[in-house]
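Just so it is clear, none of the values below were taken in a lab; they were calculated from the coordinates. Keep in mind that this is a model prediction, so the values were computed, not measured. Heads up, the Cβs are rebuilt from the backbone with ideal geometry, glycines too, and the neighbour counts pull from every protein chain shown.
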Amino acid sequence: MKLEDVESHQPLAEISIIPLVDVMLVLLILFMVTAPLLTLQSLKVAVPEVSTERLPSAQLPPAVVVIDGEGKVFLEDKPIELSELALQLSELVKKTPQTPVHLQADKSTQYQELAQVLAVIRQAGVIQLGLITLPEGK
């Protein structure tokens, strides 16, 4: 055996990065999938069930805004865009400022859609806003 052969058999001291990156990506994906599930369990919101008395009928007939399960908005049973809803409600408020507006939303309505409609109603200057619900137990 030559002296040169001993020097050529050095131990392989490199760490392979590819398996390390693969493991880290799998862990990252696992954390990304499980993190939302953990926060949903920690934020349990129990919606209160209340029995309310029927409010006395208003002197003016209310304007009824409806949001269906698909997120479509209706004013007095006619489909309407949000920009047009703002115009019609502001005209109604200018004519009769005390006109109540009742909002009826499907229970599967996304919160974002509901918030947008509420913002439009608020910007139109509506003073009296009511939410239409079903009585408890029905």
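Computed values, structure above
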read-out: Local electrostatic count, PRO79, Cβ distance below 13 Å [Lys/Arg +1, Asp/Glu -1]; value: -4
read-out: Lysine pairs within segment 63-131, Cα separation less than 25 Å, 8 or more sequence positions apart or different chains; value: 4
read-out: Quotient of Cα Rg and 2.2 N^0.38 Å for segment 60-120, N being how many residues it contains; value: 1.08
